[in-house]
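Novice: One structure, as structure tokens, below. Some questions next.
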Amino acid sequence: MAERQVEEEEIEERRMPLVDHLIELRRRLFHSLIALLVTFLICFYFANPIFDFLVEPLAALWEGEEERRLIYTALHEKFFTNIKVAFFAALFFSFPLIAAQVWMFVAPGLYKNEKGAFLPFLIATPILFLMGATMVYYIVMPVAWQFFASFQQFGAEGALPIELVPKVGEYLSLVMRLIFAFGLSFELPVLITLLARVGLATSDGLKTKRRYAIVLAFVAAAILTPPDPLSQIGLAVPIILLYEISIICTRMVEKKRDEEAAAQEA
């Protein structure tokens, strides 16, 4: 109890007027934008190697076929593709710096236990997103590209061949759509655990709504992924597993909350 009072006094001492809060917010936003801009310029310089990395699953599928290529049909298409590549990469690489600015803005107004609760979520967010992006890159994309490429027709007698010649802009859009779909889906435990901490979700409630969650997982997979069953199943199954993990995390939050309440009563 005394420790709590000391913390309250320290927070009260650090309390700033509204104008000072707005100035501090502006400073943190400015630092975040500078970090994003510098990272964007660096990533734009390396846009071609980054794009080559994203094309690697398709290049591996066509290994040994020297005539294969990607094309662009508008003069500006490759330039704007490089800008998109640099922007997406900059968002990913600058996130730790932006998250640090968020932490420095919010941390002075938090109690010690609140800091201990908020910081793990801030750390887990990029890690879970990276896990989702890694899964789609190394597991889903090779299978999906092979599925789409199987619809080529190399021409029977009297028929025209139908050959896959991807455009760079459309390829990047599809890859980014998959990466963000899987990356954001892997944030499900963070979202549900935060809802549990503020009392908007319970483990019992999540269990009773499990069947609806399974249906919604397949609906979300159908919307967020290309229209092939492999990509949809590849996203729906991890979402269902993450939902089960969220139930376990929620149960742990409830157990800790009960222990804290019992300690306060004692």
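Novice: Going residue by residue through region 200-210, is there one that turns out to be free of Cβ contacts under 8 Å to residues at least 24 places away in the same chain, hydroxyl-bearing (S, T, Y) and farther than 21 Å from A59 by Cβ?
Specialist: Yes, some residue in region 200-210 is free of Cβ contacts under 8 Å to residues at least 24 places away in the same chain, hydroxyl-bearing (S, T, Y) and farther than 21 Å from A59 by Cβ.
Novice: Same structure again: Checking L178 against (1) under 17 Å from the mean Cα position of the chain (by Cα); (2) aliphatic (A, V, I, L, M); (3) modelled with pLDDT under 85; (4) within 30 Å of K84 (Cα to Cα), which test does it fail?
Specialist: Checking L178 against (1) under 17 Å from the mean Cα position of the chain (by Cα); (2) aliphatic (A, V, I, L, M); (3) modelled with pLDDT under 85; (4) within 30 Å of K84 (Cα to Cα), the one that fails is (3).
Novice: Name the residue, out of G169, G183, G132, G155, that is modelled with pLDDT under 85 and either within 30 Å of L242 (Cα to Cα) or among the small types (G, A, S) (or both).
Specialist: Answer to the selection: G155.
Novice: Take the residues in region 51-101 that are acidic (D, E) and assigned to a helix (DSSP H, G or I), then tell me which one is surrounded by the fewest Cβ atoms within 10 Å (Cβ to Cβ).
Specialist: So the residue we want is D52.
Novice: Can you confirm whether region 208-226 contains a residue that is outside any helix (DSSP H, G or I) and under 23 Å from M252 (Cβ atoms)?
Specialist: The answer is yes; a qualifying residue exists.
Novice: Determine which single condition L178 fails, assuming it passes every other condition in (1) in contact (Cβ under 8 Å) with a residue 40 or more places away in the chain; (2) touching a helix residue (DSSP H, G or I) at 6+ places or on another chain (Cβ under 8 Å); (3) more than 25 Å from F121 (Cβ to Cβ).
Specialist: Of the numbered conditions (1) in contact (Cβ under 8 Å) with a residue 40 or more places away in the chain; (2) touching a helix residue (DSSP H, G or I) at 6+ places or on another chain (Cβ under 8 Å); (3) more than 25 Å from F121 (Cβ to Cβ), the odd one out for L178 is (3).
Novice: Give region 146-186 a look and list any residue that's of a type in the set (D, E, K, R), farther than 25 Å from I214 by Cα and loosely packed, with under 15 Cβ neighbours inside 10 Å, or say none. Spell out how you get there, then give the answer.
Specialist: Filtering region 146-186 for residues of a type in the set (D, E, K, R) gives 157, 163, 167, 170, 177.
Okay, now just the ones that are also farther than 25 Å from I214 by Cα, so 157, 163, 167, 170.
Result: E157, E163, E170.
Okay, residues lined up against (1) at pLDDT below 85; (2) basic (K, R); (3) surrounded by 14 or more Cβ atoms within 10 Å (Cβ to Cβ):
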site: A196; (1), (2), (3): yes, no, yes
site: L200; (1), (2), (3): yes, no, no
site: A221; (1), (2), (3): yes, no, yes
site: S231; (1), (2), (3): yes, no, yes
site: I247; (1), (2), (3): no, no, yes
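Novice: So if I check each of A236, A159, which one is under 30 Å from L61 (Cβ atoms) and part of a helix (DSSP H, G or I)?
Specialist: On the way: A159 fails: part of a helix (DSSP H, G or I).
Every option except A236 fails the conditions.
Novice: Oh, and also: Looking at region 16-37, can you tell me whether even one residue there is over 29 Å from the mean Cα position of the chain (by Cα) and either at pLDDT 85 or above or outside any helix (DSSP H, G or I) (or both)?
Specialist: Yes, that holds for at least one residue.
Novice: Shifting gears a bit: Exactly one condition in (1) part of a loop (DSSP other than H, G, I, E, B); (2) surrounded by 11 or more Cβ atoms within 10 Å (Cβ to Cβ); (3) in contact with a Leu (Cβ under 8 Å, 6 or more places away or on another chain) is false for P189; which is it?
Specialist: (1)
Novice: State the number of residues belonging to region 211-235 that are of a type in the set (D, E, K, R) and in contact with a helix residue (DSSP H, G or I) (Cβ under 7 Å, 6 or more places away or on another chain).
Specialist: Adding up the residues that qualify gives 1.
The values are calculated or read from the model by the stated rules, or taken from the named source; none is laboratory data. None of these values were measured; they are calculated from a predicted model. Reconstructed Cβ throughout: ideal geometry from the backbone, glycine too, with neighbour counts over all protein chains shown.
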